[in-house]
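Comments concern the structure below.
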Amino acid sequence: MRKDVFVVEVDRCIGCKACMVACKQGNNVPLGTYRNRTKQVGPLGVYPNVEMYFLQTMCQQCENPACVAVCPTGACFKRDEDGIVVIDRDKCIGCRSCEKACPYELNTYNEELMVMDKCDTCYKRRAEGKRSYCEDICPGECLHIGDINDPDSEVSRMVKEAGDKAFRLPDKDGVEPNIIYILKNDEWQSLLPKECRDTMRGDGR
């Protein structure tokens, strides 16, 4: 069965936030809300042994998504075709149950439409043979979407080559996040997104 996931080459991310801008423009995401964020991990260590990297955070396309389990209308569901978790705006009543349920805090409330919103990997755009907006704009080419269950896909080859340098966010409540991060040049920090520095705010949230 096909399962589309993001594979992020963390070492290649320069923290420019172009992916955030492209996502907002391409998907008409209103001010104050985001489908993806660039987080900063570090600096860590003691000079001269200091490490820092940027972490792309978006919906983790969980195997057992908590957002789907709590949605009272079925607006939040997992597609059979590719395993992508999406929100049907026509069914969403804006109760924000999924927002509270997500252990990674990676869905957002669209105040203009009064519905929930989140990354859906631009599945409609990709169905037209195009790449997602964030993939398309990334100057470091660190973002990749593909079928992780296909051993011949680019993402599968990348993960296999990375070996023990391929990571996921910490599993919370058995949701099993599917986004894979490859980090070879620094030490991976097993943190939740809310525990990382927000490059938009400049504080510890």
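Go through the residues of segment 173-184 one by one and say whether even a single one is at positive phi, in contact (Cβ under 8 Å) with a residue 60 or more places away in the chain and not small (Gly, Ala, Ser). Looking through segment 173-184, at least one residue is at positive phi, in contact (Cβ under 8 Å) with a residue 60 or more places away in the chain and not small (Gly, Ala, Ser).
Filter segment 127-153 for residues that are in contact (Cβ under 8 Å) with a residue 40 or more places away in the chain, charged (D, E, K, R) and over 18 Å from residue 34 (Cβ atoms); which is surrounded by the most Cβ atoms within 10 Å (Cβ to Cβ)? Ranking the candidates gives 147 first.
Annotation note: Cβ proximity below 7 Å between a residue of segment 9-31 that is touching a residue at least 12 places away in the same chain (Cβ under 8 Å) and on the phi < 0 side of the Ramachandran plot and a residue that is among the aliphatic types (A, V, I, L, M) and part of a helix (DSSP H, G or I) (sequence gap 6+ or interchain) occurs for 18/137; 19/137; 22/137.
Quick check: is even one residue across segment 39-50 within 24 Å of residue 183 (Cα to Cα) and among the polar types (S, T, N, Q)? Yes: one or more hits.
Looking at segment 50-79 only, could you name the residues that are closer than 18 Å to residue 105 by Cβ, touching a residue at least 40 places away in the same chain (Cβ under 8 Å) and among the aliphatic types (A, V, I, L, M)? Correct list: 55, 58, 66. Looking only at segment 9-28, decide whether some residue is touching a strand residue (DSSP E or B) at 6+ places or on another chain (Cβ under 9 Å), part of a strand (DSSP E or B) and modelled with pLDDT of 95 or more. Among the residues of segment 9-28, at least one is touching a strand residue (DSSP E or B) at 6+ places or on another chain (Cβ under 9 Å), part of a strand (DSSP E or B) and modelled with pLDDT of 95 or more, which makes the answer yes. Within the bounds of segment 147-165, is there any residue that is assigned to a loop (DSSP other than H, G, I, E, B) and in contact with a helix residue (DSSP H, G or I) (Cβ under 7 Å, 6 or more places away or on another chain)? Yes, segment 147-165 contains a residue that is assigned to a loop (DSSP other than H, G, I, E, B) and in contact with a helix residue (DSSP H, G or I) (Cβ under 7 Å, 6 or more places away or on another chain). Just one of the listed residues (169, 183, 191, 113) is surrounded by fewer than 16 Cβ atoms within 10 Å (Cβ to Cβ), under 25 Å from residue 14 (Cα atoms) and either at pLDDT 95 or above or not hydroxyl-bearing (Ser, Thr, Tyr) (or both), namely 191. Out of the residues in segment 97-142 that are farther than 17 Å from residue 18 by Cβ and β-branched (Val, Ile, Thr), state the one that is nearest to the chain's Cα centre (by Cα). In this case the residue turns out to be 121. When segment 172-190 is limited to residues that are under 14 Å from the mean Cα position of the chain (by Cα) and part of a loop (DSSP other than H, G, I, E, B), the one that is nearest to residue 43 (Cα to Cα) turns out to be 179. Are any residues in segment 142-162 touching a Cys at 6+ places or on another chain (Cβ under 7 Å) and under 15 Å from residue 121 (Cβ atoms), and if so, which ones? Hit for segment 142-162 is 143, nothing else. The residues listed here are 121, 108; of these, the one that is among the polar types (S, T, N, Q) and at pLDDT 95 or above is 121. Residues satisfying the criterion are absent from segment 47-54 (criterion: under 18 Å from the mean Cα position of the chain (by Cα) and surrounded by fewer than 20 Cβ atoms within 10 Å (Cβ to Cβ)).
The values are calculated or read from the model by the stated rules, or taken from the named source; none is laboratory data. Please read all numbers here as calculations on a predicted model, not as lab measurements. All Cβ positions, even for glycine, are placed from backbone atoms using ideal geometry, and neighbour counts span all protein chains on display.
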